[in-house]
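See below for the structure under consideration.
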Amino acid sequence: MSALPIDALSVAASGVARSEGVWAAAWRRLRGDRVGMVSLAVVAAFLLMVLLAGVGLVATAWQAEVGVPNAPPSFLGAAPKVAETAIAVPTGPVLDLSDVDPLAPRYAEWAERAKQFSSVATPRAETLPFGADRLGRNVLAKAIKGAEVSILVGVSAALLATLIGTVLGALGGFFGGKVGDLLEWVYNVFTSIPGILLVFAFAAVTGRGVTSVVLILGLTGWTGIYRLVRAEFLKHAVREYVRAAEAIGASTASRMFRHILPNVSHVVLVQLSIHVVGFIKAEVILSYLGLGVSVDQVSWGTMLAEAQGELLLGHWWQLAAATGFMAVFVTAFSLLTDALRDALDPKLRGAE
């Protein structure tokens, strides 16, 4: 019989089971939430799709004109063809234009040369699974590529805003005094300006593009996280475990980020999830207004902007595809955020 470690022997002898970790308990509660697990599966499927699109395995030819303009979805069938009016070809003897046009003798030679460089037109599909846009591009491929851009922007901007808000909130809540007053002044300046005007001001400076949109949303969206994190640090900075860490010689950074931050991580994580949803919506609005991604890229917002003109002609499938993809992801992510908040809520730990 192999010898057990001393800690294991002491736990077995005392008959007290080792307490479950915070993250293990949160994962156990999340697994018991059916809606949360379904939402997690949907979000994971979207993230996998974004990863495959990023490495070039899917939706690589979203700019290719593979269908006829405004080709309908496959379940609607091909659009009825418009009858072409035949043009009458004049008959009679061929006129000799040599006396009038000195280049007339060269026309036959040029026609033979042109045949050598003639290209064969690639046949276009009459229908596509989700239809085609006004240029004949596959709407399904555009929606997948648009998901890559929109989700990348939402996640990156939320990470930037969470980082800024968490660091500033930790400094303001832990130190207080002049540092807290300075950060409160910065916070009040940002919140005193209407959010839409602040976004437009940053957009005018940074221009268009994915990086610009991430900076715009990240630099304007940190205020809410700052307020919550600052309140949590104010509450935890005076608690016994922080005083005990200070008594044994723990540094300021250690007390802030090794002792307090893990205990407020549930607030940070939930705010991160909420901001991902909000920033995806914001990117769609910015791209719809022409302030988002550049013209050579596609996102759900640019698809909605293009679909505006197509909808007037009765071509609704690009609007439906972009809206459907966005609605499914945003709804699943919102439900997952609610499930995470319930799983990480410290009030529930003692209620089990």
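The values are calculated or read from the model by the stated rules, or taken from the named source; none is laboratory data. Nothing here was measured: the structure is a model prediction, and the numbers come from that model. A quick note on method: Cβ atoms are made from the backbone with ideal geometry, for glycine too, and the neighbour counts reach across all protein chains shown. Heads up: the accessible areas ignore ligands, DNA and RNA and are worked out on the full protein's heavy atoms, side chains in. Shrake-Rupley method; radii C 1.70, N 1.55, O 1.52, S 1.80 Å.
Things worth noting here:
- Cα gyration tensor, the stretch 203-318 - rounded (a/c under 1.5), prolate or oblate: prolate
- Annotation: extensible slack from Arg106 through Ile87 equals 4.2 nm (criterion: 0.36 nm per residue apart, minus Cα-Cα distance).
- Prolate/oblate/rounded call for the stretch 285-328, Cα gyration tensor, a/c under 1.5 rounded: oblate
- Largest to smallest accessible area among Ile285, Ile280, Ile193, Ile144 [probe 1.4 Å]: Ile285, Ile193, Ile144, Ile280
- Solvent exposure ordering (accessible area, 1.4 Å, most first) of Phe200, Phe329: Phe200, Phe329
- Only protein heavy atoms count here; under a 1.4 Å probe, Val328 has an accessible surface of about 80 Å².
- 3J(HN,Hα) from dihedral phi, the stretch 227-236, Karplus parametrisation 6.51/-1.76/1.60, rounded to Hz, x for glycine, proline: 4, 5, 5, 4, 5, 5, 5, 4, 6, 7
- Taking every protein chain into account, the 1.4 Å probe leaves Tyr107 with about 110 Å² of accessible area, to the nearest ten.
- Projecting the Cα atoms of Gly221, Trp317, Val267 onto the dipole axis of the stretch 201-322, where Lys and Arg carry +1 and Asp and Glu carry -1 at the beta carbon, places Val267 farthest toward the positive end.
- A simple rule links phi to the HN-Hα coupling: the Karplus curve 6.51 cos²θ - 1.76 cosθ + 1.60 with θ = phi - 60°, which for the stretch 43-55 gives 5, 5, 5, 5, 5, 5, 4, 5, 5, 5, 5, x, 8 Hz, with x for Gly and Pro.
- Computed label-point distance, nm, for sites Arg258 and Ala327 using a 7 Å Cα→Cβ extension: 5.1
- The stretch 144-220: C-alpha gyration tensor shape, a/c 1.5 cut-off, then a/b vs b/c: oblate
- In the structure shown, the pairs Lys115/Lys142; Lys81/Lys142; Lys178/Lys235 are assessed against 29 Å; a Cα-Cα span above that value is assigned to Lys115/Lys142.
- J(HN,Hα) series, the stretch 128-145, from Karplus relation 6.51 cos²θ - 1.76 cosθ + 1.60, nearest Hz, glycine and proline x: 9, x, 10, x, 10, 8, 5, 9, x, 7, 5, 5, 5, 5, 5, 5, 5, 5
- Ranked order, Met49, Met303 - accessible area, probe 1.4 Å, largest first: Met49, Met303
- Proximal lysines to Lys145, defined as alpha-carbon separation beneath 19 angstrom and excluding residues fewer than eight positions away on the same chain: Lys281
- Rounded to the nearest 20, the size of the Cβ-charge dipole of the stretch 206-352 about its Cα centre is 720 debye, with Lys and Arg at +1 and Asp and Glu at -1.
- Computed in the context of the full set of protein chains, the accessible area of the stretch 196-259 at 1.4 Å probe radius has 61% of its extent on carbon or sulfur.
- Mean-position separation - Cα centroids, the stretch 234-268 and the stretch 279-339, in angstrom: 42
- Note on Thr211: accessible area approximately 100 square angstrom, rounded to 10, probe 1.4 Å, nucleic acids and ligands left out.
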